[in-house]
């Protein structure tokens, strides 16, 4: 029967006390304390390791040294100190195995050869096998965390051999406590290896092979967060294979497995958007925002319960891209915008107000893109979107207040003249000049604010104020000249507009709607020749402008040019009504004019005109 010496017993007790203390502290660990606790325990185990290594060789000390090294290394790996762990393990095992009569000294960087020899010798020396096997688990974890899947594949034989003998323990090993049981770690390593390999194959477009790897991973016991990853990856593969319904099923399973797997919910939302299921998209956005807020407010550390976590092992870039989700503010903005665009305008308005309340709780946000909130538009653009939504629900005073805020913050910064360069058709985009880009955005945003104010005053039937703001918008737009790449600056025309997201596209719409609005105001004040001029100019800038077409017909009718009026109305009704889903900013959507012109009445006029012609003919 093996009996430990008093000194050895003292060290065993020190090791066990540290393990017990860690497991007690771990249960109440908070996220902000974790890093300091890891470092503290790593230091304590390394101190104990130094004492053991500095003492004379005693019976059983080798097993103890390997175990204490294992415990110390687990904390180092948890802090991503991989090189330090590899050096510690290599030095200790080189010494231990030389004492045991073998010399598997590694080449300068050939850890693969070293471990093959080490595991072969460990099986021959059963008293060392368990300790060396524990350290091999850590080396496997490091290979996995650093994405060295090719080395893991090359050691599959050794891994299988080690796994088959993993239950062997020496007498001393039974009395030594571990901060992380190798059996638990091995299961996680297997699953994460298959997930990592699957993610690599996913990145390379090998979706069937990736599916095979990930399906194998589901046969292992794993923390629910890791199981959710497998469903998430399966869904991503199906999505790339053009099977969106199968992808949705997998994403639903991921979310059912782990309610905090927000990536699955985000990917589902993107599928609903792709399929055109707007109500499902909005519901997914609502749930996503709710979960992100809960996760964001949580102070406790949430992991899979292991010191060496799945998050540490699954650092594959492809997987990170799949797991990435926007910030809560970005999701709230998407939710507000989609509600406005798809018939739930009142809800959208409330979401915009919530967004502004959050933005205004911290330091003032500058007009350029806030780098801490990726994908969120400029604040001025947010105000314009919200203003357009306010206009839709006829909260006119609120819309005017938001537009005044935009004008007030940009007016003094506007240039008197500006030339913007647009790419010619088929040209690849290059890096924009930031200064020019900002000035162009300022002019267009200020113009849009005046446009929205003009719309508000039309609703209020204040024709004079409406005319003033439409004219201000037009005056701003006249400051801008465009030049196609390699050409001279020129006043933009309809045939230059070739892409919906361009500044030229925005300028043309602003010009068309301002001219149409001013034309309506002139019509209401019986300035019919000026009205007809502006309405024709509006149609030149944007031929599909519904309001300009209908009101142009109205003016022609009042000028007794009834055949032309009827022709104008018929042509206008031939246009397909525009939908907000087509990528047009909500503040650049054409305002409704049904409250001013009744299409049924216009149709009746055309019928009466035809009847009169039949009688006269």
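Among the residues of segment 5-31, those identified as modelled with pLDDT under 65 and surrounded by 11 or more Cβ atoms within 10 Å (Cβ to Cβ) are 29, 31. Going through (1) in contact with a helix residue (DSSP H, G or I) (Cβ under 7 Å, 6 or more places away or on another chain); (2) closer than 24 Å to residue 467 by Cβ; (3) at pLDDT 90 or above one by one, residue 526 falls short only on (1). Which residue is farthest from residue 317 (Cα to Cα), if the candidates are limited to segment 202-218 and must be buried (at least 21 other Cβ atoms within 10 Å of the Cβ) and without any contact (Cβ under 8 Å) to a residue 40 or more places away in the chain? Result: 217.
Hey, could you check segment 38-80 for residues that are part of a helix (DSSP H, G or I) and surrounded by fewer than 16 Cβ atoms within 10 Å (Cβ to Cβ) and say which is modelled with the lowest pLDDT? Residue satisfying both the conditions and the ranking: 54.
Would you say residue 119 is farther than 20 Å from residue 80 by Cα, buried (at least 21 other Cβ atoms within 10 Å of the Cβ) and out of contact with any strand residue (DSSP E or B) (no Cβ under 8 Å at 6 or more places or on another chain)?
On the way: farther than 20 Å from residue 80 by Cα: yes; buried (at least 21 other Cβ atoms within 10 Å of the Cβ): yes; out of contact with any strand residue (DSSP E or B) (no Cβ under 8 Å at 6 or more places or on another chain): yes.
Considered against the rule, which asks whether it is farther than 20 Å from residue 80 by Cα, buried (at least 21 other Cβ atoms within 10 Å of the Cβ) and out of contact with any strand residue (DSSP E or B) (no Cβ under 8 Å at 6 or more places or on another chain), residue 119 comes out as yes.
Across segment 346-357, the qualifying residues are those that are crowded, with 18+ Cβ neighbours inside 10 Å and in contact (Cβ under 8 Å) with a residue 40 or more places away in the chain, and the one among them that is farthest from the chain's Cα centre (by Cα) is 349.
The values are calculated or read from the model by the stated rules, or taken from the named source; none is laboratory data. Every value quoted in this text rests on a predicted model; they were computed, and no experiment measured them. Here Cβ is always computed from backbone atoms with ideal geometry, including for glycine, and neighbour counts include all displayed protein chains.
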